[in-house]
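Visitor: Quick one: structure below, then a few questions.
Please treat every number below as a calculation from the coordinates, not as lab data. Everything quoted here is computed from the prediction, not taken from an experiment. Cβ coordinates were reconstructed from backbone atoms using ideal geometry, including for glycine residues, and neighbour counts include every protein chain displayed.
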Amino acid sequence: MAKSANDVWGAIFAATNIYPAAMPILITGIRVTSRDGVTAGSIREITFGNGT
C-alpha cells in the first residue's frame, strides 16, 4: 500500500506529540531543535527513557 509524501510527513509530525504520551517510559520527550518542525530540514531531538 503506497502512501504519499504528505501522509508520511503527517505521521512524523504527529509522532512528536503522540509518542511521548503513548509510551512515556520509552520516550520521555521529542522537541524540534532546528527550523520550525513543519518544513523539510527540521531536526527533532528524541529523549529516551531509562527503560530503553
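Visitor: Give me the residue from segment 15-37 that is touching a helix residue (DSSP H, G or I) at 6+ places or on another chain (Cβ under 8 Å) and β-branched (Val, Ile, Thr) and, out of that set, farthest from Phe48 (Cα to Cα).
Guide: My answer is Val32.
Visitor: Additional query: Looking at segment 7-48, which of its residues are among the hydroxyl-bearing types (Ser, Thr, Tyr) and assigned to a helix (DSSP H, G or I)? Steps first, answer last, please.
Guide: Filtering segment 7-48 for residues among the hydroxyl-bearing types (Ser, Thr, Tyr) gives 16, 19, 28, 33-34, 39, 42, 47.
Across segment 7-48, the qualifying residues are Thr16, Tyr19.
Visitor: For segment 21-50, name all the residues that are in contact (Cβ under 8 Å) with a residue 12 or more places away in the chain, touching a Lys or Arg at 6+ places or on another chain (Cβ under 9 Å) and of a type in the set (S, T, N, Q).
Guide: Of everything in segment 21-50, those that are in contact (Cβ under 8 Å) with a residue 12 or more places away in the chain, touching a Lys or Arg at 6+ places or on another chain (Cβ under 9 Å) and of a type in the set (S, T, N, Q) turn out to be Thr33, Thr47.
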